[in-house]
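Below you'll find the structure, written out as C-alpha cells, and then a few comments.
Every number in this text was worked out from the coordinates using simple rules, so none of it is lab data. Everything numeric here is computed off the predicted structure, so don't read it as measured data. So basically every Cβ, Gly included, is an ideal-geometry build from the backbone, and we count neighbours across all protein chains shown.
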Amino acid sequence: MPAIAPSILAADFSRLGELVRLVEAGGADRIHIDVMDGHFVPNLSMGSVVVKGLRPVTQLPLEVHLMVEDPMRFVDGFVAAGADTIIFHLEVQPDPVPLLQQIRGLGKKVGLAFNPDYPVDRIEPYLPDIDLALCMTVFPGFGGQAYVADSDERIRLLRKLIDRSNPRCELEVDGGIDRATIVRASAAGANVFVAGTAIFGSELGPTTATRDLLTLAGR
Ligand code: DX5
Ligand code: ZN
C-alpha cells in the first residue's frame with residue numbers, strides 16, 4: 001500500500017503543529033523530518049528539538065532523514081526526542097552495519113539513503129537488514145527542486161533488488177515529488193513518497209494535497 005510522508009521542511013514553522021494535524025487529516029502515514037548539517041549538504045535545517053516539539057502533537061510515526069556527515073553522533077538524541085525511524089546516507093557510512101545495529105538496538109526502524117549519483121546496486125548487501133531504502137530524486141539540501149530525470153530507471157533497479165532480497169523493505173523517494181512525478185515514481189516501483197512543496201505549498205491546502213497525492217499513488 002502506498003504511503004505519503006509530508007516533509008515539514010516546506011512548512012510554515014510558525015504553524016508547524018497545526019500543519020502536521022492537517023496532513024494527518026489528509027491521510028499522511030508519517031512525518032518526514034529533514035536534518036541538514038551544512039557539511040554533507042550546503043544548508044542547515046533542524047535538530048532534535050523539532051522532533052521533541054512534534055511528538056505530543058501527532059500519533060504519526062516521525063521519520064528523521066539525517067543529511068549529515070557524522071550520523072552516529074546524533075542518533076541517540078533523535079531517538080530520545082521521539083523519532084520512530086532513522087535514515088542515514090550510504091555516502092557518509094561506507095560500512096553502515098554498526099550504525100544499523102545501533103539503531104535497531106534502540107528498537108527503532110532504520111533506513112538507508114543515497115543520492116542521485118550513487119551506484120544503486122551498492123545498497124544490495126544491506127537490504128535484508130533495513131526497513132526502508134531511500135532513493136533521492138534530487139541532490140539533497142533544499143526543498144522545491146526538480147525531480148532528476150533518470151530517477152525512474154534507478155527506482156526500477158532498486159525495486160528489482162528489493163524484490164529479490166527483502167520484499168518487506170519499503171522503497172521511498174524524496175525530492176521533486178508532485179502530481180506528475182508521483183505517478184512516474186510509483187509506476188517505477190516506489191511505495192513511499194516524501195513531498196514537501198507539493199503539500200505545504202499547494203493551493204489546495206495540505207489536507208487535500210495529501211489526499212490527492214495518495215490517490216495518484218494508487219490508494
Ligand atoms: C531534500 C530533502 C527533501 C525535501 C523535499 O533535500 O531531503 O525531503 O524537503 O522537498 P520537495 O518535496 O519540496 O522537493
Ligand atoms: Zn528528506
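Specify which residue in the list G107, T197, G47 is farthest towards the positive end of the charge dipole of the chain, using unit charges on the beta carbon of Lys, Arg (+1) and Asp, Glu (-1), about the Cα centre. Toward the positive end, the furthest listed residue is G107. Working from Cα pairs under 8 Å separated by at least six residues, relative contact order for the chain is 23 percent. Beta bridges from DSSP with both residues in the range 3-217: antiparallel share about 5 percent, rounded to the nearest 5.
The stretch between M1 and K160 holds 55.5 nm of extra length on full extension. This uses 0.36 nm per residue minus the Cα-Cα distance. Which helices, counted as full DSSP H runs in the chain, have an axial Cα extent of no less than 24 Å and a Kyte-Doolittle average of 0.0 or above? Qualifying helices: none.
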